[in-house]
Every structure is written in structure tokens, then in C-alpha cells.
1. Check whether at least one residue in the range 302-312 is within 23 Å of T67 (Cα to Cα) and out of contact with any strand residue (DSSP E or B) (no Cβ under 9 Å at 6 or more places or on another chain), and report yes or no.
2. Within the range 178-190, identify whether any single residue is in contact with a helix residue (DSSP H, G or I) (Cβ under 7 Å, 6 or more places away or on another chain), open to solvent by less than 30 Å² (accessible area, probe 1.4 Å) and at positive phi, and answer yes or no.
3. Inside the range 179-227, can you point out the residues that are part of a helix (DSSP H, G or I), in contact with a His (Cβ under 6 Å, 6 or more places away or on another chain) and within 23 Å of V419 (Cβ to Cβ)?
4. Taking I127 as the residue in question, decide whether it is under 27 Å from F328 (Cβ atoms), part of a helix (DSSP H, G or I) and modelled with pLDDT of 95 or more.
5. Scan the range 240-250 and tell me whether some residue there is open to solvent by 20 Å² or more (accessible area, probe 1.4 Å), under 30 Å from E99 (Cα atoms) and charged (D, E, K, R).
6. Within the range 390-412, work out how many residues are open to solvent by 30 Å² or more (accessible area, probe 1.4 Å) and either in contact (Cβ under 8 Å) with a residue 24 or more places away in the chain or assigned to a helix (DSSP H, G or I) (or both).
Amino acid sequence: MTTFTWDKLLCDKRLSSLVNNSINKNKEENKVSFDSDYKRILTSPAFRRLQDKTQVFPLERNDFVHTRLTHSMEVAMIARELAMRICDYKKSELTSYKEQICRIVESASLLHDIGNPPFGHFGEDIIREWFSHKFEECLRKVNTEREKNKLDKLAIDNYLSDLKNFEGNAQALRIVTKLHNFFGNHGMDLTVGTLNTIIKYTRNSKQSDNQETKQIVDKKIGYFLSEQEIFNKITTETKVGRSRHPLTFILEAADDIAYLTADIEDSFEKGVTDFDKFKNFLKSFCETCKLNSTHLEELKTDIADKNKEHRNVIFSKIRQYMIDAAKFSFTNNYTSIMNGEFNQDLFKGSHSEGLHEALSQFSRKHIFNDKNILKLEVSGHTILTFLLDKFIPAVIPPEPVSKLDKKLWKLIAKKHVNVYEECKKNITDDNELLYHRILMVTDFISGMTDSYAHDLYLILSGNEI
């Protein structure tokens, strides 16, 4: 059994330096490296675009609801507080690493949703659905024309699993290691410690999922096959292999706390539900809850206290209860986490397990079926399906065939075309190059803001000129 070490987990080498075999710097320079990560993320266009990406509710001008940007900032705030409390509790092991740990979880929090396509998580479903049901027909039509011209058929059987399992987490790693051109061809060129923390899942699309393995890290794909080598380099440096980086548990818990509370608060502001209905739901849930409901029972008492029942006070209490639970779970399972054996989220079995489930069930029952959310999802389906219908057939042939194809190629953002052109220098297999051309389109479309995707759809469909 191998125990992780913080010196390796907090590796400050940058992606570019793994090629150059550079030597680790001293601890003071190490801290500056992680600060630099934070600055690079905060000033990147990809991070700014989160301001115009839906969290749950459709974005409106002058509205209060959370965007992916404000959500990510709240996750960073919660992750830092949770990390500080864990470090303060585990003083002998973590005091000397506290500053680096806190900065890494902040940076990783800002990045955790950066790979999400427009229109919330439903956008991921749309892309997966398109490649599962429409791609093969598009490819068949192109191959029919190629046969007429005595050209070899194209196929991407070895890579189609990536697209049928499209995942925002995998796209995030692709963005920060390839698509954002900070320096050279290494994306933001972040430190290995920060990069490993954002890798929530550690399998690729060829490996078995958690239905078979029962491992939390296999629930979804964590990277595309195009980033296999990068994944290997990162996890070799930190020595975590296919286990989850310890700080990823903190990131995941902070994300849960942020979205479970923010979605409900937003629903009050939108008039979808109200605070009284929420309080009544919690009271009734307490009566039937079979999970650990210690914090849920305490919250029930808080709600009954006239001095504490104000909405802001209650939601502050919820966050603190859940931070307490996550801290206790991390420190109580510290050895298992550091051995790469911990196989559940930090809330399972904790004092907040019942509270976590209550918040989840309230959102599913009273929020996610709101007509405005459903309208957004239907609209998003129409828009993203249209864009995929237009752009994917245009890039299946190695070069544009028609005048329309040439125009569509020119509409793809230059930085995405440049990434494909770099691939061409090292890849000669036609089918692998097809895979990278398709990634060029999914990079382009998934990187769009809600507004840009909507506007481009209106223009290309001829509905607005």
C-alpha cells in the first residue's frame, strides 16, 4: 500500500516543464507558483465567459440568479474555508502546507465548471445524444461520396466513445492544457498540483464505469483520449495514479454545498417556490429520514427559533453545518484518503448526510421541473443540435468540400483551428485526424456562451440577419 505525500501532491511543476525535466523550486517559490495559477485563471477569457453561462435558471438582464461565474466564485470561497479548517485541525501534518493547499483548492474551484457547454448540464446531454444518434449517419453520407471518388472510408470507431460520453470535466482539462494559449502549446500551463485537483474522475471512455467497478472515480470520464498522455504525466508526478487527489474531495464537497444552497435561494427570487414551503419540506423530511440526520434535526430547531428563522441566517447555518460535516469526514478518514482508498463523497455517513439528501430532493421536486428551466432546455436542445448539424458534416472530410463548408470552417474560432493544425504535425492517421477535427468543433461549440450560441443559431438559421 502506497501512502501519498504532500510534497508530491502539491507538485509545483508546470505542464511545460514536464517536457524539459526542470527541477523543483524551493518552498517560497512553490507558493508563488500556485498564486500564479490563480492569476492566470482569473484573467483568462474562458473564466470570464462563465458570466454568460447558465447555472440552473435562464439568464436575464438585471437578474439576481447565479451564473457559472458567480457559482464558481462561491465554490472557491467555501473550498478555501473548508481547507483552512482541515489544515488547522491536522496541524502536525498540514500546517506547513496550508497556504499552498488553500490556493490550489481556490484555483481548482474557479476551474471546475470551465468545460461546461452552454445551457447548463443539459448541454452535455445534448452533445452526447447527437453523437449517439446522428453522427454515424453524417459519416455514412460523407463516405458514400468518398467511395464515388475512389477515396478510402473514414472512421473513428476508436474514438467515438469520447463523444458519446462527452463530459464537462474532461473538456475542462482540455481547455486548461491545450485550448487557452498562455504560453506555447500547454494551455494555461498550470502547475501539476492544480491540474490534478480538477480531475474528479480518473477513467477514460474505454475503461469500465462505476456500474462495474463500484469506484467513485469511475462514475464518469475524467479526460478525453486526446489528453491521455497529459493525464499520465500529471498523475505520475503526483503519484496518485488512478486514485483521486485528496484535494479533489474538498473541491467536490464545496461544489455540493454551493449549488445545493444557491439553486434553492435562486428559486425563491424567481418565485418558483418560497421559504415557507422549504421549511415545511425540511420538517416533513426529518420525520421519515433514515440517513444520519443530526444536522437536519439541528436545522429544524433553528427554523423553529424566531431569532434564527430569517432566510439568510438559515442558509448560513446550512453552509456551516455542511462545512463542519465535510471537515470531520476528511479528517476522520484522513488515512484512507491519503492511501487512495476512500471511495465515497465527504457527506456520506456524516452528520449532514440527511441534510444533503433533503436539499437534493427539494430541488428535484420543486425546482428542476419549473417551466422556465424546461423552456431553456428545449431551446438549448434546438440551438446546439442545429450547430452540430451544421458544423460536424463540414469537418468530416480532411478539407472543406463545398463553398458552404469553407465558410463554416472560417467561422470556427482560430484558436481551435490552430490546435488542430498542431495535431496535424504529429499525426498521419486519417481517422485520428478526423477525431481531432471533430474535437475542434466540440471545443468551439462547448466554449460558447449561452448568448453567443443563441445569436449564432439565429443568424445561421436565417431567422435573424
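1. Residues of the range 302-312 within 23 Å of T67 (Cα to Cα): 311-312.
Applying the additional criterion that residues be out of contact with any strand residue (DSSP E or B) (no Cβ under 9 Å at 6 or more places or on another chain) yields 311-312.
Yes; the residues of the range 302-312 include at least one that is within 23 Å of T67 (Cα to Cα) and out of contact with any strand residue (DSSP E or B) (no Cβ under 9 Å at 6 or more places or on another chain).
2. Yes: the range 178-190 contains one or more residues that are in contact with a helix residue (DSSP H, G or I) (Cβ under 7 Å, 6 or more places away or on another chain), open to solvent by less than 30 Å² (accessible area, probe 1.4 Å) and at positive phi.
3. Of the residues in the range 179-227, the ones part of a helix (DSSP H, G or I) are 179, 192-197, 210-213, 216-218, 225-227.
Still in the running and in contact with a His (Cβ under 6 Å, 6 or more places away or on another chain): 196-197.
Result: N196, single match.
4. Details: under 27 Å from F328 (Cβ atoms): no; part of a helix (DSSP H, G or I): yes; modelled with pLDDT of 95 or more: yes.
The answer is no for I127.
5. From the range 240-250, those open to solvent by 20 Å² or more (accessible area, probe 1.4 Å) are 241-243; that's our starting set.
With under 30 Å from E99 (Cα atoms) added as a condition, the list becomes 241-243.
Adding the requirement that they be charged (D, E, K, R) leaves 242.
Yes; the residues of the range 240-250 include at least one that is open to solvent by 20 Å² or more (accessible area, probe 1.4 Å), under 30 Å from E99 (Cα atoms) and charged (D, E, K, R).
6. So the first thing to find is which residues in the range 390-412 are open to solvent by 30 Å² or more (accessible area, probe 1.4 Å), and the list is 390, 393, 398-404, 406-407, 409-411.
So of that shortlist, the ones also either in contact (Cβ under 8 Å) with a residue 24 or more places away in the chain or assigned to a helix (DSSP H, G or I) (or both) come out as 390, 393, 398, 401, 403-404, 406-407, 409-411.
Matching residues across the range 390-412 total 11.
So that you can scan it fast, the table gives a plain yes or no per residue for (1) in contact (Cβ under 8 Å) with a residue 24 or more places away in the chain; (2) within 24 Å of D125 (Cβ to Cβ); (3) open to solvent by less than 10 Å² (accessible area, probe 1.4 Å):
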residue: K206; (1), (2), (3): yes, yes, no
residue: E227; (1), (2), (3): yes, yes, yes
residue: K233; (1), (2), (3): yes, no, no
residue: T236; (1), (2), (3): no, no, no
residue: D256; (1), (2), (3): yes, yes, no
residue: A262; (1), (2), (3): yes, yes, yes
residue: G271; (1), (2), (3): no, no, no
residue: F275; (1), (2), (3): yes, no, no
residue: F281; (1), (2), (3): yes, no, no
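The values are calculated or read from the model by the stated rules, or taken from the named source; none is laboratory data. Computed from a predicted structure; not experimentally measured. Here Cβ is always computed from backbone atoms with ideal geometry, including for glycine, and neighbour counts include all displayed protein chains. Side chains are part of the model used for accessible areas, which takes the heavy atoms of the whole protein and leaves out ligands, DNA and RNA. Shrake-Rupley method; radii C 1.70, N 1.55, O 1.52, S 1.80 Å.
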